[in-house]
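Participant: Here it is, the structure, as structure tokens.
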Amino acid sequence: MSDGVRRLGVRDLFDAVLDPGSFASWDGPPLPVAEPGSAYAAELAAAAERAGTDESIITGEGRIAGRRVALIGGEFRFLAGSIGRTAAERIVLAFERATREGLPLFATPSSGGTRMQEGTPAFATMVKITAAVTIFKAAKLPYITYLRHPTTGGVFASWGSLGHVTVAEPGATIGFLGARVYEALYGQPFPEGVQSAENLYAHGLLDAVLPVAELTVTAGRFLDLVLAPKAPTNLSELAKSPLPDVAAWESITRSRRPDRPGVRELLKLGATEVLPLFGTGAGEWDRSLFLALARFGGMPCVVLGQDRRLESADRPLSPSGLRVARRGMKLAAELDLPLVSIIDTAGAALSKEAEEGGLAGEIARCLAELVAHEPPTLCVLLGQGTGGGAIALMPADRVVAAQHSWLSPLPPEGASAILHRNTTHAPELAAQQRVRALDLLADGIIDRIVAEHPDAADEPQEFCRRMAQVIAFELSSLSGMRTASRLAARHDRYRRIGLRG
């Protein structure tokens, strides 16, 4: 975004996003940070006249789609939005008040970073701001950030990067270092385009790039998903006839049909609300791992699902994909939302890059985090369940499976190659290894099978709605349990694995 493009001031942005007439200020007078008559005092007075605000930060409350929210906004026209002691104190006070009053917080920074006129005392306020954000998030309150042009320095490196959902203004310059400082120190310009919102989105650092006109709808959807009360869900009468005894290899063949519904179809046809998120927030992404906030029936949740349509032999599930999943686990814990993991993968990457990228460690960390995850967890075995990439998302309070889904340490062809040095024994090994849903149910690895009539690919809409109904019911049941009892039952179920038969 060039300097010739008009920047939207913070009050104009609040007017564009908030319900009309709902803004109320929380700000008191600025702190006395400049000696009367000093050059800095004159700078502050000139900045206030130019910006129409008394500081670079204004705080308050308003309503977005009828919901009361706390607000923090940066005004770039006030000394380049720089954060001095007054601005920092206002940010902290806003987080503290939002925490006390149980309000979600919407922050929209626009800043060049720390105010050089106030030096190290201003710089060190990054610590107290981050502490206030941490306490706010520990209260399980939602935090959304909208990064405007520009958001750099200590603002981006503290409260600007800690939102549960982070979106940015199109064309905005967003980054840690100042290009002018880089050029002065190293004698060459900083590479062009690196600090654009679009580039950061491409690298998994932002969830979306949105114009202001779309911000109210997106923020409202986020608040509805995380704040709307959970409604009990009853499981209507599903067919109770015995499932046909289909051979394991037949189920495996059906699970690999290209037209079989995957995670995106399940959400499109079965969820009542979906807000996709993107990347790890730490510079990585893997499109084969889909992350979203969603609602099934009356139950909001975080969904992390393997998208086999975006998997391929040259782009299998990567360590980055499991780090995206771990972001979803953290999000669910911070917002105290149920977590739904969806397994449908031909297997994680087997490559030099995957080994050096820490694939084994990521599988282990996913397992460890899910076993100990405090909010309710539900795993859906939707299709293929191959190897470590599948088992990494499996620990849960309840596991439901599509009739023709399966779980195996390797694809049956791989097991045949190990045992027989060919792939022709894959069908018989699939049966011997008890990979199909009926065997998993008998062995206590899953809790419920959702029927396919006769194949999900032949009835995608009906199957997805049936599976969504089961998801809503299981989430409702789990959310009604006492946390200690649910966690104890989870531990017991996994303690018994391998002891049947």
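Participant: Search segment 372-387 for residues that are over 21 Å from Ser318 (Cβ atoms) and pair each with any residue that is part of a strand (DSSP E or B) and among the charged types (D, E, K, R) when their beta-carbon atoms are under 6 Å apart and the residues are at least 6 apart or on different chains.
Facilitator: Leu378/Arg398
Participant: Residues that are of a type in the set (Phe, Trp, Tyr), modelled with pLDDT of 90 or more and touching a Gly at 6+ places or on another chain (Cβ under 8 Å): does segment 272-282 have at least one?
Facilitator: yes
Participant: Still on this structure, please answer the following. Within segment 171-189, how many residues turn out to be outside any loop (DSSP other than H, G, I, E, B) and either surrounded by 11 or more Cβ atoms within 10 Å (Cβ to Cβ) or assigned by TED's automatic domain parsing to the domain that holds Leu322 (or both)?
Facilitator: Result for segment 171-189: 8.
Participant: Being modelled with pLDDT of 95 or more and on the phi > 0 side of the Ramachandran plot, is that true of even one residue in segment 139-154?
Facilitator: yes
Participant: Also, quick follow-up: What pairs come up if the first residue lies in segment 253-279 and is assigned by TED's automatic domain parsing to the domain that holds Asp455 and in contact (Cβ under 8 Å) with a residue 24 or more places away in the chain, the second is of a type in the set (Val, Ile, Thr) and not in a strand (DSSP E or B), and their beta carbons are under 7 Å apart, counting only those six or more places apart or on different chains?
Facilitator: If the second residue must be of a type in the set (Val, Ile, Thr) and not in a strand (DSSP E or B), the pairs left are Gly279/Val324.
Participant: Just checking, which of Val226, Val133 is in contact with a helix residue (DSSP H, G or I) (Cβ under 9 Å, 6 or more places away or on another chain), among the aliphatic types (A, V, I, L, M) and modelled with pLDDT of 95 or more?
Facilitator: Selected residue: Val133, the only one of Val226, Val133 that is in contact with a helix residue (DSSP H, G or I) (Cβ under 9 Å, 6 or more places away or on another chain), among the aliphatic types (A, V, I, L, M) and modelled with pLDDT of 95 or more.
Participant: Shifting gears a bit: Can you list the helices (runs of 4 or more DSSP H) lying wholly within segment 393-501 that have 2 or more residues being of a type in the set (A, V, I, L, M, F, W, C) and within 27 Å of Thr272 (Cβ to Cβ)?
Facilitator: 460-479
Participant: Going by the structure shown, is Gly160 under 23 Å from the mean Cα position of the chain (by Cα) and not in a strand (DSSP E or B)?
Facilitator: Yes, satisfied.
Participant: Taking segment 254-283 only, how many residues are closer than 18 Å to Ile343 by Cβ, of a type outside the set (A, V, I, L, M, F, W, C) and not in a loop (DSSP other than H, G, I, E, B)?
Facilitator: 5
Participant: Could you please find all residues in segment 295-317 being surrounded by fewer than 24 Cβ atoms within 10 Å (Cβ to Cβ) and either aliphatic (A, V, I, L, M) or under 16 Å from Ile363 (Cα atoms) (or both)?
Facilitator: If the condition is that a residue be surrounded by fewer than 24 Cβ atoms within 10 Å (Cβ to Cβ) and either aliphatic (A, V, I, L, M) or under 16 Å from Ile363 (Cα atoms) (or both), then Leu310, Ala313, Pro316 are the ones that fit.
Participant: Which of the residues spanning segment 190-221 are closer than 21 Å to Gly62 by Cα, more than 16 Å from the chain's Cα centre (by Cα) and assigned to a helix (DSSP H, G or I)?
Facilitator: Val212, Ala213, Glu214, Leu215, Thr216, Val217, Gly220
Participant: Keeping to segment 196-216, report how many residues are among the aliphatic types (A, V, I, L, M), out of contact with any helix residue (DSSP H, G or I) (no Cβ under 9 Å at 6 or more places or on another chain) and buried (at least 18 other Cβ atoms within 10 Å of the Cβ).
Facilitator: 2
Participant: Read through the list (1) within 24 Å of Ala349 (Cα to Cα); (2) buried (at least 17 other Cβ atoms within 10 Å of the Cβ), then give the number of the only condition that Thr423 fails.
Facilitator: (2)
Participant: To continue, here is another question. Name the single residue that is nearest to Val226 (Cα to Cα) among those in segment 81-94 being surrounded by 18 or more Cβ atoms within 10 Å (Cβ to Cβ) and touching a residue at least 60 places away in the same chain (Cβ under 8 Å).
Facilitator: Ala94
Participant: Shifting gears a bit: What is the residue count in segment 128-172 for residues that are more than 13 Å from Gly74 (Cβ to Cβ), polar (S, T, N, Q) and without any contact (Cβ under 8 Å) to a residue 60 or more places away in the chain?
Facilitator: Residues that pass the stated criteria total 2.
The values are calculated or read from the model by the stated rules, or taken from the named source; none is laboratory data. Values in this document were obtained by computation on a predicted structure and should not be read as measured data. Reconstructed Cβ throughout: ideal geometry from the backbone, glycine too, with neighbour counts over all protein chains shown.
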